[in-house]
1. So for region 92-101 (the condition being exposed (fewer than 11 other Cβ atoms within 10 Å of the Cβ), modelled with pLDDT under 85 and not aromatic (F, W, Y)), does at least one residue qualify?
2. Just a yes or no: is a residue in region 52-71 under 24 Å from the mean Cα position of the chain (by Cα), in contact (Cβ under 8 Å) with a residue 24 or more places away in the chain and farther than 30 Å from P190 by Cα?
3. Which of the numbered conditions does S41 fail, given that it passes all the others? Conditions: (1) out of contact with any Phe, Trp or Tyr (no Cβ under 8 Å at 6 or more places or on another chain); (2) modelled with pLDDT under 80.
4. Taking region 197-223 on its own, how many of its residues are within 23 Å of T81 (Cα to Cα) and modelled with pLDDT under 80?
5. For region 80-135, give me the residue count where each residue is touching a residue at least 60 places away in the same chain (Cβ under 8 Å) and not polar (S, T, N, Q).
6. Filter region 18-51 down to the residues that are within 19 Å of W6 (Cβ to Cβ) and among the aliphatic types (A, V, I, L, M), then identify the one that is surrounded by the fewest Cβ atoms within 10 Å (Cβ to Cβ).
7. Considering (1) surrounded by 19 or more Cβ atoms within 10 Å (Cβ to Cβ); (2) of a type outside the set (K, R); (3) not in a helix (DSSP H, G or I), say which one G54 fails and leave the rest.
8. S171: modelled with pLDDT of 85 or more and of a type in the set (G, A, S), yes or no?
Amino acid sequence: MAKGLWASARGTAIGLATGLFPGLLPSVVTFIAYDVEKRISKTPEKFGTGMIEGVASPEAANNGNCQAGFIPLFALGIPTTPIAAMLLASLMIYGLPAGPMLFTQHGDFAWTVVASMYIGNVMLLILNLPLVGLWARLCLIPYRILGPIILGVVIVGAYSIRNSMFDVWTSIIFGLVGYVMKTRGWPIAPLILGFILGPLMEQHFRASLQGSGGSMLIFVQRPICAVFIVLGVVLILMSQNLWSKVSKQEACDST
């Protein structure tokens, strides 16, 4: 029991720390937490046989990473995951400014979201303990039954935003694009992040150039800009290294 609690604490810390940075998706963070537990374990050879540390830490890291992503999203308007990017798009649709002004102008909404996290975790604990067997059986539902239900919910959700069939066809087309990308092994997360963040980046890029009189030096003259550029390069290199490890791990698991 104690080992599981300490592993959960370490996983939560890893998830919270990595959730603040873009690109470190929950799927990657779980591998990081698993690798950390395996490295510090006195019996690493038993990992893969149901060790509680190898289960508790990745799950805690996954939960911590997802919730920590709300910090840069609400505080700075920067999504760190595709899910956060879609939340940012939803905020924009309803005219809610993601960033510092969200708490000052729409504090009721922001603090309601924070409160919902506490309530959600409590409800998750209450529901999961007695109903864990039922949730596990949901995985046994054939995809030929579950797939049409999911597709119907997606179509209704797309239509309900603006009551437009254009949104429905757009969802279907991008669903096909996502299917092709998945079958080809192409990552979908960069496409979603680029689709959501692209217009924002262009807007602020033009504003920066207007403020500097068209000079590109504005992006390297100030120390904070240089720091973010260096951090961006480091994160790209780290992401490449992590993804290569994840790919190797998945290849080993498949064999």
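The values are calculated or read from the model by the stated rules, or taken from the named source; none is laboratory data. Everything numeric here is computed off the predicted structure, so don't read it as measured data. No Cβ is skipped: glycine too gets one built from the backbone with ideal geometry, and neighbour counts run over all protein chains shown.
1. Of region 92-101, the ones exposed (fewer than 11 other Cβ atoms within 10 Å of the Cβ) are 93-95.
Filter again for modelled with pLDDT under 85, leaving 93-95.
Imposing the further condition that a residue be not aromatic (F, W, Y) reduces the set to 93, 95.
So far as region 92-101 goes, yes, one or more of its residues are exposed (fewer than 11 other Cβ atoms within 10 Å of the Cβ), modelled with pLDDT under 85 and not aromatic (F, W, Y).
2. Yes: one or more hits.
3. (1)
4. First pass over region 197-223, keeping only residues within 23 Å of T81 (Cα to Cα): 197-205.
Next, from what is left, pick out any that are modelled with pLDDT under 80: 197-201, 203-204.
Residues meeting the conditions: 7.
5. Looking only at region 80-135, we keep the residues that are touching a residue at least 60 places away in the same chain (Cβ under 8 Å), and these are 80-82, 85-86, 88-89, 93.
Filter again for not polar (S, T, N, Q), leaving 82, 85-86, 88-89, 93.
Qualifying residue count for the region: 6.
6. Here the residue is I40.
7. Here G54 clears every test but (3).
8. On the way: modelled with pLDDT of 85 or more: yes; of a type in the set (G, A, S): yes.
Considered against the rule, which asks whether it is modelled with pLDDT of 85 or more and of a type in the set (G, A, S), S171 comes out as yes.
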